[in-house]
Amino acid sequence: MKSYNASNPSSLLVVILAAALSAGCGDSSTDPDPPSSEFDVQLTSTSSHGDVLADREGNALYLFTPDVRGESLCEGECIDNWPVFSAEQLQLGEGLDQGDFGSVTRSDGNSQTTYMGWPLYYYAGDGPPGSINGDGLNELWYVAKPGYTLMLATLQLVGQDGNNYRVDDGGNYVEGEEQTFYFVDSEGRTLYIFINDSANTNNYTNPDFSNDGTWPIFHTDIEALPSKMNEEHFGEITVHGQEQQLTYKGWPLYYFGSDTERGDTRGVSVPAPGVWPVVQAEMSGAPGYNSGNSGTGGNGNGNGNGNGNGNEEPLEPVFTNIQEIFNSSCGGSGCHVGERTNGVRLDSYDNVINSNGQQYGGPVVVEGEPDNSPLVDKIEEDPGQGERMPRGGPYLSDEEISLIRDWIDQGAQDN
């Protein structure tokens, strides 16, 4: 997973200086349509990047991914290489909306113009008007374009539990200090995947969308993307025959309902770290994903009308696979993992077999009898006693429930 280490206060400065030294290797594209000088900001057509935002002279403007929260974090020597763009009483060229522009006051007291909430900069390494040498440098700087559907952010991940997280080399979410690259929408709102989804299959959203407020599905029409993103990796699915959802490498994309500010990443710790990862450019595809099935599928939750691609071997109904479902889907008191509630605990084979459901007056697993096992009743829709598990969702997919049923039917063995 791509990130840069911020434990050293000078690390960002090193990145910026490296960007300046590499300017000679950047792309340069001529401007076939010389811009008018009457506009402070206008759209300029380039051969390599299409329409980009430029100043009166046609000099390209840029965005800095750590600025996702709307305040400029490029300071000191950084500004020598990425000068601030500022204009009062903006006059805008055709195709630009005054409502998309604003300004922020920098830490030095000076004003800086913003576009879609992002502070705007020049790049000192650009040549004559129309040249674009700064786009994609160190994956921190991107030329400003109209209609970016998605953007990249670079910040410290902070979960809803208040802890700082990083993504280790194995893709695991662990506590630690590190700046992480991740996807946000055009307004800076963070995007997530659900680890229990599969290729082009939403296993979280209920058929009646009753849990959509917690993890709202995300959809938008792709217009423009930063150069780090490959449009071929995006697709869309239909969830429960009603709503469209954007996918990335087969993963359905979501917001987290408790994220309230640009760049918030509260969802990374809910219900446990790694269950809802942020979306990253270099992440692996969803289980069963290949580049040829980006736009198929739907949902596999609740009504069973999702369609996978059939490329995966089905899981065996053995306890190691059952335990993985409990660990990844629950991760807390929502389904009695890691604690004992009402006599039920699901974090080991012995605890599962020896647990009694007080509401049912007997063991939660009746070997060989899934229909008479309280565990099955509690994970299916409309349980006979109490709330469905895990409490509040996300609920298990039909495939996961079937696997648990098969395990119980075959004797609920420890293997």
task = Let me know the shape class of the stretch 130-257, please: from the alpha-carbon gyration tensor, a ≥ b ≥ c as square roots of the eigenvalues, rounded when a/c is under 1.5, otherwise prolate if a/b is greater than b/c, or oblate.
result = oblate
key: Heavy atoms of residue 56: accessible area, 1.4 Å probe, square angstrom to 10   = 80 Å²
key: Loop GluC sites (Glu not before Pro), the stretch 77-154 (other Cβ atoms within 10 Å of the site Cβ: 15 or fewer; DSSP)   = 88, 94
key: residue 356-residue 177 FRET efficiency (beta carbon distance; Förster radius 56 Å; 0.05 resolution)   = 0.80
task = Whenever you get a sec, line up 55, 208, 382 from highest to lowest accessible area (probe 1.4 Å, protein heavy atoms).
result = 382, 208, 55
message = With θ taken as phi - 60° and the coefficients 6.51, -1.76 and 1.60, list the Karplus ³J(HN,Hα) couplings across the stretch 45-61 in order, rounded to whole Hz; mark glycine and proline as x.
response = 8, 10, 6, 9, 10, x, 6, 10, 7, 9, 7, 4, 8, x, 6, 5, 10
Anisotropy class of the stretch 88-133 from Cα gyration tensor, a/c 1.5 cut = oblate
note = With x for Gly and Pro, the residue-by-residue ³J(HN,Hα) of the stretch 223-236, computed from phi through the Karplus equation 6.51 cos²θ - 1.76 cosθ + 1.60 at θ = phi - 60° and given in whole Hz, is 10, 9, 10, x, 4, 5, 8, 9, 4, 5, 7, 9, x, 8
key: Set of aspartates and glutamates near residue 228 by C-alpha distance (under 19 Å), chain-local residues within fewer than 8 positions excluded   = 27, 51, 67, 135, 139, 185, 187, 282
ask   = For residue 124 and residue 222, what is the calculated FRET efficiency with R₀ set at 25 Å and r taken between the beta-carbons, to the nearest 0.05?
value = 0.20
key: Residue-span extension gain [residue 94 to residue 260] - 0.36 nm each, minus C-alpha spacing   = 56.5 nm
message = If DNA, RNA and ligands are ignored and the probe is 1.4 Å, what is the ranking of 397, 227 by accessible area, most exposed first?
response = 227, 397
inquiry  = Can you tell me the length gained on complete extension of the stretch residue 382 to residue 282, counting 0.36 nm per residue apart and subtracting the Cα distance?
reply    = 32.0 nm
query = If 326, 39 are ordered by their accessible area, calculated over protein heavy atoms with a 1.4 Å probe, which sequence runs from highest to lowest?
reply = 39, 326
ask   = How much length is gained on full extension from residue 367 to residue 231, taking 0.36 nm per residue of separation minus their Cα-Cα distance?
value = 44.0 nm
key: Nonlocal amide H pairs with residue 41, under 5 Å, H built at 1.01 Å   = 91, 93
query = Once you list every other residue whose beta carbon is under 13 Å from the beta carbon of residue 414, what net charge do they have if Lys and Arg are +1 and Asp and Glu are -1?
reply = -2
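The values are calculated or read from the model by the stated rules, or taken from the named source; none is laboratory data. None of these values were measured; they are calculated from a predicted model. Please note: Cβ atoms are built from the backbone with ideal geometry, for glycine as well, and neighbour counts cover all protein chains shown. Keep in mind that these areas ignore ligands, DNA and RNA; they rest on the heavy atoms of the full protein, side chains included. Shrake-Rupley method; radii C 1.70, N 1.55, O 1.52, S 1.80 Å.
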